[in-house]
1. Among the trypsin sites (Lys or Arg not before Pro) in the range 106-168, which ones are in a DSSP loop with at most 12 other Cβ atoms within 10 Å of the Cβ? Mind listing them?
2. Using the Cα centre as the reference, give the magnitude of the dipole from point charges on the C-beta atoms of the chain (Lys, Arg: +1; Asp, Glu: -1; all else neutral), rounded to the nearest 20 debye.
3. Can you list the lysines whose alpha carbon is less than 20 Å from that of K103, not counting same-chain residues fewer than 8 positions off?
4. Mind listing the long-range amide H neighbours of V93? Cut-off is under 5 Å, sequence gap 5 or more, other chains count too, H placed in the peptide plane at 1.01 Å from N.
5. Once you have the Cα-Cα distance between N142 and E166, take 0.36 nm times their residue separation minus that, and quote the gain in nm to one decimal.
6. Could you work out what % of the accessible surface of the range 1-116 is carbon and sulfur, using a 1.4 angstrom probe and leaving DNA, RNA and ligands out of the count?
7. How many percent of all Cα-Cα pairs in the chain sit more than 20 Å apart?
8. In whole percent, what relative contact order does the range 1-69 give with Cα contacts below 8 Å and a gap of six or more residues?
Amino acid sequence: IVHDFFATVISGIEEVANKKGYNVIICLSNNSFDREVMNMEMLANGSTDGFILSVAKETQQKGDYHHLQEVINQGMPVVLVDRVVEEIVCDKVIIDDAEGAAKAVQHLIDSGCSNIGIITTVDYVSVGKLRTNGYLDALRKNNMVINDDLILKIEDIDQSQEQINEFL
């Protein structure tokens, strides 16, 4: 909620859901696997009609998705947004992060840039891995040398300013 991206996504979800007669309950996991499981268990035992969620960073790190599969097995619809899990069969709303990164890098190359870096999330967060892959693919496509010193993977964005300043 504190990041513009998720605030915008939640606002859109709530607007459409309200028009369809649904109420939206928002729970924060703060990227905690345990918190995510607890929130889903609490809501699944009530009068919840379904879940729309972006899985916690820690959930992707652990690779434990039993709580998602349990609610799906109960017949409850699940829609994953942004951070998705390929192993879970459900609806997913995503951006093509690999293509987006590749297009951005290609634009920079076409503009004459040759020393192109990337600041992204760690690979176990699905969007970070996809963005990195798109970045690397664009460099390879243009026969450019891949320099690991131009790749910064951030673990915790809230504590990253010093890392980014040093990288730049």
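The values are calculated or read from the model by the stated rules, or taken from the named source; none is laboratory data. Please read all numbers here as calculations on a predicted model, not as lab measurements. Positions of Cβ are backbone-derived with ideal geometry, glycine not excepted, and every protein chain shown enters the neighbour counts. Surface areas here come from the heavy atoms of the whole protein model, side chains and all, with no ligands, DNA or RNA. Shrake-Rupley method; radii C 1.70, N 1.55, O 1.52, S 1.80 Å.
1. Details: sites: K129, R131, R140, K141, K153; in loops: none.
In loop regions of the range 106-168 (DSSP not H, G, I, E or B), there are no sparsely surrounded trypsin sites (Lys or Arg not before Pro).
2. Numbers: 13 positive and 27 negative charges, 83 e Å.
With only Lys, Arg, Asp and Glu charged at Cβ, the dipole is about 400 debye.
3. Partners found: K129, K141, K153.
4. Amide H neighbours of V93: L80, V81, D82.
5. Numbers: separation 24, 0.36 × 24 = 8.64 nm, distance 2.75 nm.
Contour length minus Cα-Cα distance gives 5.9 nm.
6. Working: 3760 of 7290 Å².
Of all accessible area on the range 1-116, carbon and sulfur atoms account for 52 percent.
7. Numbers: 8280 of 14028 pairs.
Of all Cα-Cα pairs in the chain, 59 percent lie more than 20 Å apart.
8. Working: 34 pairs, mean separation 18.1, N = 69.
About 26 percent, as a whole number.
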